[in-house]
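Shown next, in structure tokens, is the structure this report addresses.
The values are calculated or read from the model by the stated rules, or taken from the named source; none is laboratory data. This one's a predicted model, so the numbers in the text were calculated from it and none came from an experiment. Cβ sites come from the backbone with ideal geometry, for glycine too, and all protein chains shown count toward neighbours. Just so you know, the surface numbers come from the protein's heavy atoms only, side chains and all, with ligands and any DNA or RNA stripped out. Shrake-Rupley method; radii C 1.70, N 1.55, O 1.52, S 1.80 Å.
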Amino acid sequence: MENITDIKKYFINQFDEFEKSLNGEKTSEFHQVRKEALSNFSKLSVPTQKDEEWKHTNLSPLLKHNFSTLVHKENVSSEVITNFLFDKTEHSLLVFVNGIFSPELSRLIEIPKGVVIGSLAESLKNNHPIVKKYLGKYAKDENLFFTTLNTAFTKDGAFVYIPESKVIEIPIHIIFYTKTGSEKIITQPRNLFVAGRNSQVTIIEHYISDEENIYFTNAVTEIVADQNAIVDHIKLQEESKKSFHIARMEVDQERSSNFSSHLISHGAEISRNDFNARFNDEGSECILNGLFMIGDEQLFDAHTMIDHAKPLCNSHEHYKGILQDKSKGVFNGKVMVRRDAQKTNAFQENNTILLSDDAVINTKPQLEIFADDVKCSHGATIGKLNDEAKFYLKSRGIGEKSAMAILINAFAIDVITSIKIPSVRNYLENIIAKQFIG
Amino acid sequence: MLLEIKNLHAKVEGNEILKGINLKVDLGEVHAIMGPNGSGKSTLASVLAGKEEYEVTEGEIWFKGKNLLELNPEDRAREGIFLAFQYPVEIPGVSNTNLLKTAVNEIRKYNGEEELDSIDFLKLLKEKSKLVELDQKFLSRSVNEGFSGGEKKRNEIFQMAVLNPKLAVLDETDSGLDIDALKIVANGVNKLKTKDNATIVVTHYQRLLDYIIPDFVHVLYKGKIVKSGGKELALELEEKGYDWIKSDKAEIVA
């Protein structure tokens, strides 16, 4: 694909075929939303490095490919999926293969009445009132190229609804598994997680694939934390190193809600994450933590925005990056403290370790403060592994690789210690170790 | 012979610091290396441990019949050399236990032994922490992070106790210690001393040698050992100061 009009034309041309694949579902109310999105999409242009928000991220490697929106049902054995589960932890499991819900690989544990954990396609078909109320309300897409594309081609994804006062103690592990074949495909999961008043839930979004092949994941996740709700969200991005991963997460927080997000990312040739959290009322807390580990010529880009629209809210953001080879990282952390948002506490930090001379990080904290009684801070550090510490470890008989692994783990650990599930932390520690000792 | 240093020359950042050291250390011996500031004492300790900034330009070091200069720092440690650092490094996020477990098992693996399981390892830690009167809480804390000067030095001796080296090199282990901490550290070193290992104590002051009695004392000055003797040499230095050596040396040169 040579230029930007091509990719647009390409997707617009695929829409008819896509519509056919929806069968009866195209008569649903939501289909009108898809059509509107497609019409918006036709007016937008592909982001380029001339756009401030995409200044350091060149999408041309992505634009070289034709990705088919038509995916066929693939059979995947449960043994394959088992490799990606967390040991010794009971959890509900939702598996999506190439973006389509796979009930035979999924299992739900102890689901109280009224709770929905399942496929968005199913709930769209049934016109679930919560889907109707919230879907597309937060990930507004008038001028966002990839979000609009996702909305136009929304077919399936995870839908979780926790009604008022229900506490789901067992984590929900959602796996998006891409099985690549001869055709390059695009999958566009659309997720909606709604936690009602006083409810509590832990959700793990996990992106994986079968082989190191080329494909494109364009995901959108909307999260609503209603009054007093506690939502812990973990996203593991372990896609193929040749794939492209573009994702947007929109979080809406109502009064006294508590939301935490941990992003651990080491896959994809290009990975772009837009995280936006909004405090819609007072007394809430938001944690955004991230850890990205990349090498070769991988690019990782996180654009986050925490909107302190109301007073008395706290946000803590901490992103860490470990970059090898010729990889490139981008961190843009925006914190908006609006005029009414007095007594805001907002803390942001970004630390990066560059393991090679060719690795690059672009980090930009962006604080916009319009209230006068607030506590806000930000900081960024870029460094190398401490040679003194490495020699100290070696002088105790610890070899090069283990010394590296120990020091990298020590660097990374504080952004994952706040994950409450020990087996998830163990899984992550293994990922960290594997990244650097092969 | 456990260690044999022959005509060792070394530079750091282009400056020649060691200018022909000769030293032999046998099992069961304690050697003290003394000397004024800047004489090359710590450089010698660092060269033995394999610190990369130090470039050996001439000479040989043989350890257990192996050419030490051909071994990387971790293999030197695995062969049985232990350096107690003058300034132990703080490593946030790495617990003492984790460091030692990895070290013990990599050393065992190198020597063709099976790894210790968690129970045996914890037993070992408990036993050795008593030796240097180290509170158990230090085991789970990050290596040296926020430790006082005395705690850091004690932690070095604790690590030495766990790793059980053939040759321990204590680099200014007495610096920054009050008398109580000094006694505890010295006591630990003495308890670890056997017929089957050796110790090199690098120090500026005689004070430590009241507690760790050396078999041999060597005086290092301007990168060379200018005088060797028994423990009485240390006392003589204490009494007369290093100026005596300096002028004596001047005479030799003259």
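Summary of values
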quantity	calculated
Output for segment B:72-103, where each listed residue is crowded, with 19+ Cβ neighbours inside 10 Å, of a type in the set (A, V, I, L, M), over 15 Å from A:Glu400 (Cα atoms) and at the interface with chain A (Cβ under 8 Å from one of its Cβ atoms)	B:Leu83, B:Ile91, B:Val94, B:Leu100
Tally, over segment A:416-426, of residues that are within 18 Å of the chain's Cα centre (by Cα) and not aliphatic (A, V, I, L, M)	2
Residue in segment B:27-34 that is assigned to a strand (DSSP E or B), free of Cβ contacts under 8 Å to residues at least 40 places away in the same chain and away from chain A (no Cβ under 14 Å) present	no
Residue that is modelled with the highest pLDDT [pool: residues in segment A:97-143 that are open to solvent by 90 Å² or more (accessible area, probe 1.4 Å) and among the polar types (S, T, N, Q)]	A:Asn126
Selected residue (criterion: most open to solvent (accessible area, probe 1.4 Å)) from residues of segment A:241-264 that are in contact with a Cys (Cβ under 9 Å, 6 or more places away or on another chain) and not β-branched (Val, Ile, Thr)	A:Asn258
Qualifying residue in segment B:153-174 (condition: open to solvent by less than 50 Å² (accessible area, probe 1.4 Å) and farther than 27 Å from B:Leu27 by Cβ)	no
Test: residue in segment A:376-388 that is over 23 Å from A:Asp325 (Cβ atoms), more than 9 Å from chain B (Cβ to nearest Cβ), in contact with a strand residue (DSSP E or B) (Cβ under 6 Å, 6 or more places away or on another chain) and exposed (fewer than 15 other Cβ atoms within 10 Å of the Cβ)	yes
Residue within segment B:184-202 that is farther than 21 Å from B:Leu2 by Cα and open to solvent by 70 Å² or more (accessible area, probe 1.4 Å) present	no
Test: B:Glu60 is in a loop (DSSP other than H, G, I, E, B), charged (D, E, K, R) and surrounded by fewer than 14 Cβ atoms within 10 Å (Cβ to Cβ)	no
Candidates A:Phe436, A:Phe391, filtered to the one that is more than 14 Å from chain B (Cβ to nearest Cβ) and touching a helix residue (DSSP H, G or I) at 6+ places or on another chain (Cβ under 7 Å)	A:Phe436
Selection status of A:Lys334, open to solvent by 10 Å² or more (accessible area, probe 1.4 Å), in contact (Cβ under 8 Å) with a residue 12 or more places away in the chain and within 14 Å of chain B (Cβ to nearest Cβ)	no
Residue that is nearest to the other protein chains (Cβ to nearest Cβ), among those in segment B:142-151 that are surrounded by fewer than 22 Cβ atoms within 10 Å (Cβ to Cβ) and touching a residue at least 40 places away in the same chain (Cβ under 8 Å)	B:Ser142
Hey, A:Phe145 within 27 Å of A:Val46 (Cβ to Cβ) and touching a Pro at 6+ places or on another chain (Cβ under 7 Å) or not	yes
Of all residues in segment A:265-310 being out of contact with any helix residue (DSSP H, G or I) (no Cβ under 8 Å at 6 or more places or on another chain), open to solvent by 10 Å² or more (accessible area, probe 1.4 Å) and in a loop (DSSP other than H, G, I, E, B), the one that is farthest from A:Glu368 (Cα to Cα)	A:Asp296
Search result, residues across segment B:1-19 that are surrounded by 15 or more Cβ atoms within 10 Å (Cβ to Cβ) and small (Gly, Ala, Ser)	B:Ala10
Helices (runs of 4 or more DSSP H) lying entirely in segment A:27-82 (those with 2 or more residues that are under 23 Å from A:Lys9 (Cβ atoms) and open to solvent by less than 60 Å² (accessible area, probe 1.4 Å))	A:30-41, A:60-63
Filter pass, B:Asn37 being surrounded by fewer than 15 Cβ atoms within 10 Å (Cβ to Cβ) and either within 9 Å of chain A (Cβ to nearest Cβ) or polar (S, T, N, Q) (or both)	yes
Residue in segment A:170-198 that is surrounded by the most Cβ atoms within 10 Å (Cβ to Cβ), counting only those that are over 19 Å from A:Val80 (Cβ atoms) and under 14 Å from the mean Cα position of the chain (by Cα)	A:Leu192
Qualifying residue in segment B:104-118 (condition: modelled with pLDDT of 95 or more, open to solvent by 60 Å² or more (accessible area, probe 1.4 Å), touching a Phe, Trp or Tyr at 6+ places or on another chain (Cβ under 8 Å) and more than 9 Å from chain A (Cβ to nearest Cβ))	no
Answer from B:Lys130, B:Lys66, B:Lys126 - the residue that is modelled with pLDDT of 95 or more, more than 13 Å from chain A (Cβ to nearest Cβ) and open to solvent by 30 Å² or more (accessible area, probe 1.4 Å)	B:Lys66
Search result, residues across segment A:178-212 that are small (Gly, Ala, Ser) and not in a strand (DSSP E or B)	A:Gly181, A:Ser182, A:Gly196, A:Ser199
Close pairs from segment A:249-268: first small (Gly, Ala, Ser), partner part of a strand (DSSP E or B) and open to solvent by 10 Å² or more (accessible area, probe 1.4 Å), Cβ under 6 Å, at least 6 apart	A:Ser260/A:Asp232; A:Ser260/A:Ile287
Residue within segment A:408-415 that is surrounded by fewer than 18 Cβ atoms within 10 Å (Cβ to Cβ) and either more than 10 Å from chain B (Cβ to nearest Cβ) or within 23 Å of the chain's Cα centre (by Cα) (or both) present	yes
Close pairs from segment A:10-24: first assigned to a helix (DSSP H, G or I), partner of a type in the set (Gly, Ala, Ser), Cβ under 9 Å, at least 6 apart	A:Phe11/A:Ala152; A:Ile12/A:Ser42; A:Ile12/A:Ala152; A:Gln14/A:Ser68; A:Phe15/A:Ala152; A:Phe18/A:Ala152
Some residue of segment A:363-375 being in contact with a Pro (Cβ under 6 Å, 6 or more places away or on another chain) and away from chain B (no Cβ under 14 Å)	no
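For every residue, the table says whether it meets (1) assigned to a loop (DSSP other than H, G, I, E, B); (2) outside the structural domain of A:Asp16 (by TED's automatic domain parsing); (3) in contact (Cβ under 8 Å) with a residue 12 or more places away in the chain.
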{"residue": "A:Phe84", "(1), (2), (3)": "yes, no, yes"}
{"residue": "A:Thr89", "(1), (2), (3)": "yes, no, yes"}
{"residue": "A:Ile109", "(1), (2), (3)": "yes, no, yes"}
{"residue": "A:Ser123", "(1), (2), (3)": "no, no, yes"}
{"residue": "A:Lys133", "(1), (2), (3)": "no, no, no"}
{"residue": "A:Thr148", "(1), (2), (3)": "no, no, yes"}
{"residue": "A:Asp156", "(1), (2), (3)": "yes, no, yes"}
